Amino acid sequence: MATPERRTFLLDFEKPLAELEGRIQQIRELAEENGVDVSEEIRQLEARANQLRQEIFSTLTPYQRLQLARHPRRPSTLDYIQAITDEWMELHGDRGGYDDPALVGGMARIGGIPAVILGHQKGRDTKDNVTRNFGMASPGGYRKAMRLMDHANRFGMPIFTFIDTPGAWAGVEAEHQGQGEAIAYNLREMFRLDVPIISTVIGEGGSGGALGIGVGDRLLMFEHAVYTVATPEACAAILWKDASKAPRAADALKITSWDLKNLGILDEILPEPLGGAHSNPLKAAENLKEALLKNLDELSSLTSQQRRELRYQKFRRIGVFAEVPA
């Protein structure tokens, strides 16, 4: 039953690989039915499939990486939480009358260490996505996040944030509820927190919606995740009045993990299983947990004052450039 599900969410650049894998499966089934030994042929085809997989995923364009980051089967915040934590208790509500399902959070124990984990949560299907508002948090979501981070700070627990959103909810109601103020408040308040903060872009990091929980001591990012000031579609619509030019915008925006590492914004790139995080979620979760604990160990050796100063300087350096004389 796994094959139809995979094909349902097949990306264009994955089709040659899927066709080859389908051929291998057909040959294997025919061989079993007829009692024929085709192990050598299967071995050769599997070697070709592995080579093709390497070629495809080592030469992805920025827009293709964006498609991977948006893949419906890509692990979500709750998927990673379930995989990497020893204990987990979700907490609800912003204490102002609203609980935003697009942003989840709570207390956990990871590697035996008490922590607060929060992040954007997308849905698995259309109905779930509507409920989760496609991972686009409301002002109540960001206020809930800040409440949980204040709780962590009060009790000396590190904070792990998982970023996966196309952007904050931009509806009229969100503006009425103070969307801009809620995000700006989080930006300011996260700088004052004493505890270690590690942010990870697990999928799509979009604009202020990502930054609202993205002010941290360390910024990690999965290999095929993206982080951008605006979606390529929005950028193309603004610059060229044509959203179909999104691939061109994706190239110009420098949205990939390697682009951000070269720009000095990203601290660490987390490797993904060949084929993307959705091809082996448990391996992706293992890589994430290892990186979180390693970075936490390094940050825990610093005083709270040192962490706050380094956090401040980290963001002050973003966007700094030098002009080279012609």
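The values are calculated or read from the model by the stated rules, or taken from the named source; none is laboratory data. Computed from a predicted model, the values in this text were never measured in an experiment. Positions of Cβ are backbone-derived with ideal geometry, glycine not excepted, and every protein chain shown enters the neighbour counts. Side chains are part of the model used for accessible areas, which takes the heavy atoms of the whole protein and leaves out ligands, DNA and RNA. Shrake-Rupley method; radii C 1.70, N 1.55, O 1.52, S 1.80 Å.
Tell me, what is the FRET efficiency for ARG154 and LYS245 to the nearest 0.05, using R0 = 51 angstrom and their Cβ-Cβ distance as r?
Approximately 0.60, to the nearest 0.05.
Sort TYR312, TYR142, TYR227, TYR63 by heavy-atom solvent-accessible area, probe 1.4 angstrom, most to least.
Largest accessible area first, the residues go TYR312, TYR63, TYR227, TYR142.
Return the sequence-ordered ³J(HN,Hα) values of the range 251-257 in whole Hz as given by the Karplus equation 6.51 cos²θ - 1.76 cosθ + 1.60 applied to θ = phi - 60°, using x for Gly and Pro.
Ordered by residue, 3J(HN,Hα) equals 5, 6, 6, 6, 9, 7, 4 Hz.
With +1 on each Lys and Arg Cβ and -1 on each Asp and Glu Cβ, and nothing else charged, work out how big the dipole of the range 89-138 is about its Cα centre, in Debye to the nearest 20.
Approximately 120 debye in magnitude.
If you stretched the chain out fully between ARG28 and LEU310, how much longer would it get, using 0.36 nm times the residue separation minus the C-alpha to C-alpha distance?
Values: separation 282, 0.36 × 282 = 101.52 nm, distance 5.68 nm.
Fully extending the segment from ARG28 to LEU310 adds 95.8 nm.
Rounded if a/c is under 1.5, else prolate if a/b beats b/c, else oblate: with a ≥ b ≥ c from the C-alpha gyration tensor eigenvalues square-rooted, which is the range 106-158? List each step's numbers first, then the result.
Values: a/c = 4.99, a/b = 1.81, b/c = 2.76.
Note, shape of the range 106-158 comes out oblate.
Rounded, prolate or oblate, given the Cα gyration tensor of the range 65-152, with a/c below 1.5 counting as rounded?
On the way: a/c = 2.21, a/b = 1.18, b/c = 1.88.
The shape class here is oblate.
Once every DSSP H run of n ≥ 4 in the chain is given -39500 (n - 2.57) and the sum is divided by its residues, what mean residue ellipticity at 222 nm do you get, rounded to the nearest 500 deg cm²/dmol?
Dividing the helical sum by the residues of the chain leaves -15500 deg cm²/dmol.
Any idea which of ALA108, CYS235, THR85 is furthest toward the positive side of the dipole for the chain, if Lys and Arg beta-carbons carry +1 and Asp and Glu beta-carbons -1?
Of the listed residues, the answer is CYS235.
Which shape class, rounded, prolate or oblate, goes with the range 226-326 when its Cα gyration tensor gives a ≥ b ≥ c as root eigenvalues, a/c under 1.5 marks rounded, and past that a/b bigger than b/c marks prolate?
Verdict is oblate for the range 226-326.
Around LYS294, under 12 Å between beta carbons, what's the net of Lys plus Arg minus Asp minus Glu among the other residues?
-3
Candidates [x] 87, 49, 32; [y] 78, 49, 34; [z] 69, 54, 42; which is the computed Cα extents along the principal axes in Å?
Among [x] 87, 49, 32; [y] 78, 49, 34; [z] 69, 54, 42, the one calculated here is [z].
What is the antiparallel percent of DSSP beta bridges lying wholly in the chain, to the nearest 5?
Close to 40 percent.
Given a 1.4 Å probe and every protein chain left where it sits, what share in percent of the accessible area of the chain is carbon and sulfur?
For the chain, the apolar C and S fraction of the accessible surface comes to 53 percent.
Compute the helix-to-body angle for 39-58: its Cα long axis versus the longest principal axis of the chain, expressed 0 to 90° and rounded to tens.
Rounded to the nearest ten degrees, it is 30.
Would you mind working out the magnitude of the charge dipole of the chain relative to its Cα centre, with +1 at each Lys and Arg C-beta and -1 at each Asp and Glu C-beta, to the nearest 20 Debye?
Using Cβ point charges on Lys, Arg, Asp and Glu, the chain gives about 980 debye.
Averaged per residue, what accessible surface does the chain expose to a 1.4 Å probe, in Å²?
In whole numbers, the chain has 50 Å² accessible per residue.
Evaluate the relative contact order of the chain (contact order divided by residue number), counting alpha-carbon pairs under 8 angstrom at least 6 apart; express in whole percent.
Numbers: 562 pairs, mean separation 48.3, N = 326.
Reported as a whole number, the value is 15 percent.
In debye, nearest 20: dipole of the range 154-313 around its Cα centre with unit charges on the Cβ of K, R (+) and D, E (-)?
240 debye
Compute the separation of the alpha-carbon centres of the range 281-320 and the range 190-239 and state it in Å as a whole number.
14 Å
With an 8 Å cut-off on Cα pairs and a minimum separation of 6 or more residues, tell me the relative contact order of the range 1-157 in percent. Spell out each step's value before the answer.
On the way: 173 pairs, mean separation 26.4, N = 157.
Taking the mean separation of contacting Cα pairs over the length of the range 1-157, I get 17 percent.
Pick from ILE42, ILE213, ILE255: which residue has the top mean-square fluctuation in a GNM of the chain where Cα pairs under 10 Å get a spring?
The residue that fluctuates most here is ILE42.
Would you mind checking the tilt of helix 139-154 against the longest principal axis of the Cα atoms of the chain, expressed as 0 to 90 degrees and rounded to 10?
70 degrees
Positive end of the charge dipole of the chain (Lys, Arg +1 and Asp, Glu -1 on Cβ, about the Cα centre): tell me which of ALA69, ASN153, THR200 has its Cα farthest that way.
The one lying farthest along the dipole's positive direction is ASN153.
In the structure shown, do any of LYS122/LYS283; LYS245/LYS283; LYS122/LYS245; LYS15/LYS122; LYS15/LYS254; LYS261/LYS314 have a Cα-Cα gap over 23 Å, and if so which?
LYS245/LYS283; LYS122/LYS245; LYS15/LYS122; LYS15/LYS254
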